[in-house]
Amino acid sequence: MNQTSVWLDVATSHVHSGLECARYRTLALGSWRIVMVAVEQFSGNDTPWEAFNERELARAEGMPVNKRRHEWLAGRYAAKVALRSWQTFDRVDELSAITIENSNRACNKGQPVASIKEAYVSISHSWDVAVAVVSAAPVGVDVEKLRAFSPAAEDMAFTASEKGRDSIISPGGERRWLTLAWCFKEAFMKAHGRGVFGWFHDLELQRIDQEGRLTWKSSPRLHRQLGRAMGLAGYGVAVDGYGVVVVGTPISPLTVGLAGGAR
């Protein structure tokens, strides 16, 4: 895939009514858009605090690990920027009107839920990148730093076919294929409101075409567990040292927010 073809624009600092927002770039995958913002922008005085409400700031302040706090703020910010497609804002501080909580429902416990009705949100973090996807239909997103996997991790997460694909498709590029396979499985299960652990071998990534479109197969066991067919589509790309995959029900283009990339 020609990675440069998926970039829609490269943005510098965005200023709204005199208030500086975090810098971001916009990436297209299928019918979704990804907004990339460097997580490091949420580690100091340049953090756009006006985008967060008191409850969110209190939660962030209560996180004892700085890295986790910065990722959390970046992910929430990315989701708020993505949710702009549902409402119009003239000032960055009005993003604080959008609240993103975590679901307590058994069917999608822990999944992010936006205060804006009919909006589905999914958030992921990896190193200095946080990802948020927004859609009018169930959707999941995952981002992972391209990396090697230990033999034990490969056996746990990938099928024999997936492990063999690297030697066929990209000699020396094992990190790209297996990382995207991991991202796909995470994103697929998130689109169903579930976690991936315990289901890795029930999903197999088979192909990524030149447009980034994914082909996969799933097991009868997983079909029985999910209990419904959603007509999902998936897209993936390796860009800037990360794998990014979005899986969801295709609809008219909305916005996917990804925090971590304005470099």
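Please treat every number below as a calculation from the coordinates, not as lab data. The shown structure was predicted, so the numbers you read here are calculated from the model rather than taken from an experiment. Cβ coordinates were reconstructed from backbone atoms using ideal geometry, including for glycine residues, and neighbour counts include every protein chain displayed.
Data overview
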{"read-out": "Order of 42, 197, 52 - criterion: other Cβ atoms within 10 Å of each residue's Cβ, fewest first", "value": "197, 52, 42"}
{"read-out": "Sorted by Cβ density within 10 Å, fewest first, the residues 120, 77, 235", "value": "120, 235, 77"}
{"read-out": "Residue 65-residue 213 pseudo-label distance in nm [points 7 Å out on the Cα-to-Cβ vector]", "value": "3.9"}
{"read-out": "Fewest-first sequence of 175, 213, 76 by Cβ atoms within 10 Å of each Cβ", "value": "213, 175, 76"}
{"read-out": "Nearby lysines by direct alpha-carbon distance to residue 217 (threshold 17 angstrom, same-chain neighbours under 8 apart not counted)", "value": "163, 185, 190"}
{"read-out": "Proximal charge balance of residue 56 [Cβ under 12 Å; K/R count +1, D/E count -1]", "value": "+1"}
